[in-house]
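Engineer: To start, I am sharing the structure in question, which I have written as structure tokens.
The values are calculated or read from the model by the stated rules, or taken from the named source; none is laboratory data. Only a predicted model underlies this, so the values are computations on that prediction, with no experimental measurement involved. Cβ sites come from the backbone with ideal geometry, for glycine too, and all protein chains shown count toward neighbours. All accessible areas refer to the heavy atoms of the entire protein, side chains included, with ligands and DNA or RNA removed. Shrake-Rupley method; radii C 1.70, N 1.55, O 1.52, S 1.80 Å.
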Amino acid sequence: MADYDVIILGGGPGGYLAAERLGHRKLKVLLVEQESLGGTCLNVGCIPTKSLLNSAKLYAHAQHSERFGVTATGVAYDWTQVQAWKADVVGKLVAGVGASEKRAGVEVAYAHGSLVAPGVVEVAGETKTADHVIVATGSVPVLPPIPGAADNPLVVDSTGLLAVESVPQRLVVIGGGVIGVEFASLFAAFGSQVEVIEMLPEIVPFMDDDLAARLRKALTGVTFRLGCRVTGIEGATVVYTDAKGTERRAEADLVLMAVGRRPLVQGWGAEEAGLEVGPRGVAVDDTMRTNLPNVWAVGDVTGRSLLAHAAYRMGEIAAAHIIDPVAARRNGQRLRTDTIPWAVYSMPEAAGVGLTEARAKERGHDVITATVPLAVSGRFVAENGVRGPGAVKLIADRGTRAVLGVHMLGSYAPETIWGAATVLETELTIDDLRQVVFPHPTVSEGIREAAWAITD
Ligand code: FAD
């Protein structure tokens, strides 16, 4: 008999949620984590960035509240306290994960784990066996081979930037994806002069181009250089070629390398155990099964989606199939990447789910769209004025009238987008969506207005 029902490698969102789901069903689970429970998300990702962004937002609000009839004098920030708040939030949430695992009866081993073969894992040099193994080792930042980038103390990744002891006067961000944009917005709010250098023609690639352009223009205090290729870094000066092929230099005090993350597929026995690793990460089917019997992979390591809530969902799917494969199949427990929402917690915020207009056309849809300003929402106007940056774009198929994508720019977008994700997940049409009653006044009403604004 095996030592455990399930051994899980990695205690990030994918691993710890799977462990809880399995533990609550009385399976004997060992969760192996080599650093800190909560993984990238809790320790150096989602949560610390949102804690710092919250302080930045409060600071910005306090400075710009006169038009709402509120004047604050002597507004200042204390970076040490900003960091202390972040550390406190992270500490509490990591402890919370530990407590949840305990409640679920999950055994946690703080050690490096390696997959030896299906059902066999080495944990801190000891061999353990299990009926199932879930791999949830996450991802690491990509460091592109740019001359001058490696071993340069003035070039940091997101983890390095989260820990800086003071706000840099000038920050250059290489990469205009979600992580780059959030940090740009955060440090601009604290007074850094921020330049973002992005190779693509627009920021946040999975956001519909129209709205991404509006987001870029609304990010005050940030200069964007689009279509530019970085060719070298000298100290904290970034050398790049602009869209016209001219060489330019961006002077900074610190450089953030935020060009993306890659699945962590080395150092834990994937190759030796014969696990299939594809170009995106550990290869899985839509029930999170790998090529090896009873070996599953979830979260960033699969490369299917590099978001914490996607990792949660993948963890749940694997757990459901381990607990009761017949019920899991009957209940349609499988990964649908097209309906995973995303969010950017910058100032302003943005979020979306489903296809962009361009992607929908590429997939052969005869597309109909509507874009409405968030000024259609009374609450949005009360809080931002009619010219506040905010819009909703809805993308649908002309023939079936199925909603294919919803993209939102403006306050509360990350809190609102799950409603649109439900629309996509349940395959509702524009006409179904029009019948849904939204609370008033809310910013979410923008989604309903967009459904009514479609005239075709
Ligand atoms: P991870 O969270 O990476 O966890 C993997 C864990 O496995 C780690 O704790 C690691 O120590 C452990 N591990 C690895 N190898 C071994 C081994 N051999 N033995 C034992 N343990 C091992 N996503 C969002 O959805 N929203 C956000 O707002 C957001 N913000 C982000 C901000 C930043 C700056 C970054 C970097 C990421 C952000 N993400 C965000 C992405 C999110 O953090 C990841 O998608 C999520 O953490 C993936 O979860 P995971 O369980 O797959 O892997």
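Engineer: Given the Cα atoms of the range 344-456, and with Rh set as the inverse mean 1/r over their pairs in the Kirkwood sense, what is Rg to Rh to two decimals?
Structural biologist: Numbers: Rg = 13.2 Å, Rh = 13.8 Å.
In the range 344-456, Rg relative to Rh is 0.95.
Engineer: So what is the calculated 222 nm ellipticity per residue for the chain, using -39500 (n - 2.57) for each DSSP H run with n of 4 or more, over all residues, to the nearest 500 deg cm²/dmol? Working shown, then result.
Structural biologist: On the way: 15 runs with 154 residues, N = 456.
Taking each H run of at least 4 residues, the total per residue is -10000 deg cm²/dmol.
Engineer: Hey, could you pull the Cα Rg and Dmax for the range 16-62, both in Å?
Structural biologist: For the range 16-62, the Cα radius of gyration and maximum Cα-Cα distance read 16.3, 51 Å.
Engineer: How much area per residue is accessible in the chain when the probe is 1.4 Å and only protein heavy atoms are counted (Å²)? Please list the in-between numbers first.
Structural biologist: Numbers: 20540 Å² over 456 residues.
Using a 1.4 Å probe on heavy atoms only, each residue of the chain averages 45 Å².
Engineer: How much net charge surrounds A163 when only other residues with a Cβ under 13 Å from its Cβ are counted (Lys, Arg +1; Asp, Glu -1)? Provide the component values of the computation, followed by the final result.
Structural biologist: On the way: positive: K86; negative: D157, E165.
It works out to a net charge of -1.
Engineer: Still on this structure: What translational D, rounded to a whole number of µm²/s, comes out for the range 245-360 from Stokes-Einstein when the hydrodynamic radius is the Kirkwood one over Cα pairs, at 4 °C and 1.567 mPa s?
Structural biologist: Numbers: Rh = 16.8 Å.
Rounded to a whole number, D works out at 77 µm²/s.
Engineer: What do you get for Rg/Rh over the range 1-153 if you use C-alpha atoms and the Kirkwood form of Rh?
Structural biologist: Values: Rg = 21.0 Å, Rh = 18.1 Å.
Rg/Rh: 1.16.
Engineer: Would you work out what percent of the accessible area of the range 181-268, with all protein chains in place, is carbon or sulfur (probe 1.4 Å)? Don't skip to the answer; put the middle values down first.
Structural biologist: Details: 1790 of 3830 Å².
C and S fraction of accessible area: 47 percent.
Engineer: Taking the dipole about the Cα centre of the chain, with the C-beta of Lys and Arg at +1 and of Asp and Glu at -1, give me whichever of A453, A111, G399 is farthest to the positive side.
Structural biologist: Going by the Cα projections, it comes out as A453.
Engineer: Continuing with this model, one more query. With the dipole of the chain worked out from charges on the C-beta (+1 for Lys and Arg, -1 for Asp and Glu) around the Cα centre, which of L162, A319, A343 lies farthest toward the positive end?
Structural biologist: Checked the options; the winner is A343.
Engineer: Quick one: net charge of F224's neighbours, Cβ under 10 Å, K/R +1, D/E -1?
Structural biologist: Details: positive: R216, K217, R225; negative: E195, E198, E202.
Within the 10 Å Cβ shell, the charges total 0.
Engineer: With an 8 Å Cα cut-off and a minimum separation of 6 or more residues, compute the relative contact order for the range 335-401 in percent. Walk me through the numbers on the way to the answer.
Structural biologist: Working: 74 pairs, mean separation 18.5, N = 67.
Worked out over the range 335-401, it gives 28 percent.
Engineer: Which net charge results for the neighbourhood of L154, defined as the other residues with beta-carbon distances under 10 angstrom from its beta-carbon, given Lys and Arg at +1 and Asp and Glu at -1? Kindly include the intermediate steps, with their values, before the conclusion.
Structural biologist: On the way: positive: none; negative: E234, D253.
Local charge sum for L154: -2.
Engineer: Carbon and sulfur together cover what percent of the accessible area of the range 295-397 at a 1.4 Å probe radius?
Structural biologist: Details: 1890 of 3950 Å².
Reported share for carbon and sulfur atoms: 48 percent.
Engineer: Given V239, F224, V259, which one lies farthest toward the positive end of the charge dipole of the range 215-259, if we put +1 on the Cβ of every Lys and Arg and -1 on the Cβ of every Asp and Glu?
Structural biologist: Comparing the listed Cα positions along the dipole, F224 ranks first.
Engineer: Report the Cα centroid-to-centroid distance between the range 1-52 and the range 133-192 in angstrom, as an integer.
Structural biologist: So the two Cα centres are separated by 25 Å.
Engineer: Sort 384-391, 2-9 by the packing proxy (mean of other Cβ within 10 Å over each peptide's residues), most packed first.
Structural biologist: Working: 384-391: 17.5, 2-9: 22.9.
Ranked by mean Cβ neighbours within 10 Å, highest first: 2-9, 384-391.
Engineer: Below 8 Å, C-alpha to C-alpha, sequence gap of six or more: please give me the relative contact order for the chain in percent.
Structural biologist: Working: 1006 pairs, mean separation 65.4, N = 456.
Across the chain, relative contact order equals 14 percent.
Engineer: Okay, moving on. With +1 on the Cβ of every Lys and Arg and -1 on the Cβ of every Asp and Glu, and nothing else charged, how large is the dipole of the chain about its Cα centre, in debye rounded to the nearest 20?
Structural biologist: Numbers: 41 positive and 51 negative charges, 153 e Å.
Value, rounded to 20: 740 debye.
Engineer: If the reach is capped at under 23 angstrom between alpha carbons, list the lysines near K50, excluding any in the same chain fewer than eight residues apart.
Structural biologist: Counting by Cα, and skipping residues close in sequence, K50 has these lysines nearby: K86, K92, K217.
Engineer: Related question: Counting only complete DSSP H runs, which helices of the chain cover 15 Å or more along their long axis at the Cα atoms and score a mean Kyte-Doolittle of 1.0 or above?
Structural biologist: Values: long enough: 13-24 (16 Å, -0.34); 46-63 (25 Å, 0.03); 79-103 (36 Å, -0.11); 178-189 (17 Å, 1.92); 308-323 (22 Å, 0.63); 413-425 (17 Å, 0.51).
Long hydrophobic helices here: 178-189.
Engineer: Here's another thing I want to ask about it. Give the lysines reachable from K26 as a straight Cα distance under 21 Å; neighbours fewer than 8 places away on the same chain don't count.
Structural biologist: K102, K128
Engineer: Largest first and in whole Å, what are the equivalent-ellipsoid semi-axes of the chain based on the Cα gyration tensor, each being the root of 5 times an eigenvalue?
Structural biologist: Details: eigenvalues 263, 171, 98 Å².
Equivalent ellipsoid of the chain: 36, 29, 22 Å, largest first.
Engineer: On average over all directions, what projected area in square nanometres does the range 308-383 have, based on the convex hull of its Cα atoms? Intermediate values should be presented prior to the final figure.
Structural biologist: Working: hull surface 32.3 nm².
Dividing the Cα hull surface by four gives the mean projection, 8.1 nm².
Engineer: I'd like the Karplus ³J(HN,Hα) series for the range 283-289: coefficients 6.51, -1.76, 1.60, θ = phi - 60°, whole numbers in Hz, and an x wherever there's a Gly or Pro.
Structural biologist: 6, 9, 8, 7, 10, 6, 7
Engineer: Considering only protein heavy atoms, what is the solvent-accessible area of D88 at a probe of 1.4 Å, reported in Å² to the nearest 10?
Structural biologist: Near enough 70 Å² of accessible area.
Engineer: Using a Debye calculation, one point per C-alpha and no hydration shell, please list log10 I(q)/I(0) for the range 190-277 at q = 0.16, 0.24 Å⁻¹ in order.
Structural biologist: Those come out to -0.76, -1.24, one per q.
Engineer: Next up: Test of understanding: extend the Cα→C-beta vector of K217 to 7 Å, then name every residue of the range 416-456 with backbone N under 15 Å from that spot.
Structural biologist: Taking a point 7 Å out along Cα→Cβ of K217, no residue of the range 416-456 has its backbone N under 15 Å.
Engineer: By DSSP, what percent of the beta bridges with both residues in the chain are antiparallel, rounded to the nearest 5? Walk me through the numbers on the way to the answer.
Structural biologist: On the way: 45 of 76 bridges.
Bridges in the chain that DSSP calls antiparallel: roughly 60 percent.
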